[in-house]
Amino acid sequence: MGIISRGFRGKRRGGDERLPPGQYLVEDFPVLSAGPTPRIPPERWEFAIDTEAERTHRWSWEEFLALPRQTPTVDIHCVTKWSKLDTTWEGVSLDVLFEDVDTAAEHALVYSYGGYTTNLPLEDLLDGKAWIVHRFGGEDLEPRHGGPARLIVPHLYFWKSAKWVRGIRLMDEDYPGFWETAGYHNYGDPWREQRYEGD
Ligand SMILES: Nc1nc2c(c(=O)[nH]1)N[C@H]1C(S)=C(S)[C@@H](COP(=O)(O)O)O[C@H]1N2
Ligand SMILES: [Mo]
């Protein structure tokens, strides 16, 4: 009993500072999908960045796998209030994908196989803040968690981390995505508890 409660308190203390307001910790990995899981064979997968000047940069699965990779360990926070600490991923920094992209746009709309979309400022995708990942916890990313590849933007609520990511459209004007249209906050900072429109 003593040992159990000491262990529990120890973990709570470490976790609390890393837990945004209103969130609780989970050890499992919940699945939240607004529709069915799309199945994308690697030979048909591609990722694209479309600029406001109508230029498209494309990567096939093979080309994506040849890019330099990183292994970020990050905390993730879902708007339904679960948070998961120290999740381990492997993938490509958006900084690498944006290296040759010439743009003056400030807004990004991320779009997925299956039709999901989410919007965020382009700057929130750059400078080491976001990755396209294809591995989680040392294994290939499961389809239900977004495999073959998903976006992760850990500093924003997890609905911004589009699963089955297909591309990013850069735009001069902001354009709300799936949940943003349905009343979720346009930006979604978990530390400022920006869950819904008006928060
Ligand atoms: N394509 C797509 N991406 C998505 C979603 C979705 O429904 N479709 N749900 C979002 C939400 S609300 C959350 S919390 C996370 C859930 O990711 P997980 O199922 O791997 O936990 O994915 C986000 N990305
Ligand atoms: Mo979510």
Worksheet item: Can you name the condition, by its number, that Leu122 falls short on among (1) surrounded by 19 or more Cβ atoms within 10 Å (Cβ to Cβ); (2) in contact with a strand residue (DSSP E or B) (Cβ under 8 Å, 6 or more places away or on another chain)?
Response: (1)
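Taking the range 66-96, which residues are touching a Pro at 6+ places or on another chain (Cβ under 9 Å) and more than 16 Å from ligand 2 (Cβ to nearest atom)? Break it down into steps so the answer makes sense when it comes.
Going through the range 66-96, the residues touching a Pro at 6+ places or on another chain (Cβ under 9 Å) turn out to be 72, 74-80, 82-84, 87-93, 96.
Scanning the range 66-96 gives Pro72, Thr88, Trp89, Glu90, Gly91, Val92, Ser93, Val96.
Per-residue answers, yes or no, for (1) buried (at least 16 other Cβ atoms within 10 Å of the Cβ); (2) touching a Ser or Thr at 6+ places or on another chain (Cβ under 7 Å); (3) assigned to a strand (DSSP E or B):
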| residue | (1), (2), (3) |
| --- | --- |
| Ile76 | yes, yes, yes |
| Val92 | yes, no, yes |
| Val133 | yes, no, yes |
| Gly147 | yes, no, no |
Fill in: Leading residue by the ranking (farthest from ligand 2 (Cβ to nearest atom)) among those in the range 109-162 that are within 21 Å of Arg192 (Cα to Cα) and basic (Lys, Arg)
Lys129
Discussion item. Under 8 Å between Cβ atoms, which residue pairs at least 6 apart in sequence (or on different chains) link something in the range 49-71 that is free of Cβ contacts under 8 Å to residues at least 40 places away in the same chain with a partner that is of a type in the set (Asp, Glu) and open to solvent by 50 Å² or more (accessible area, probe 1.4 Å)?
Written reply: Arg58/Glu46; Trp59/Glu46; Ser60/Glu46
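The values are calculated or read from the model by the stated rules, or taken from the named source; none is laboratory data. The structure presented is a predicted model; accordingly, all values stated were derived computationally and were not measured. Cβ: placed from backbone, ideal geometry, glycine included. Neighbour counts: every protein chain shown. Only protein heavy atoms, including side chains, enter the accessible area calculation; ligands, DNA and RNA are left aside. Shrake-Rupley method; radii C 1.70, N 1.55, O 1.52, S 1.80 Å.
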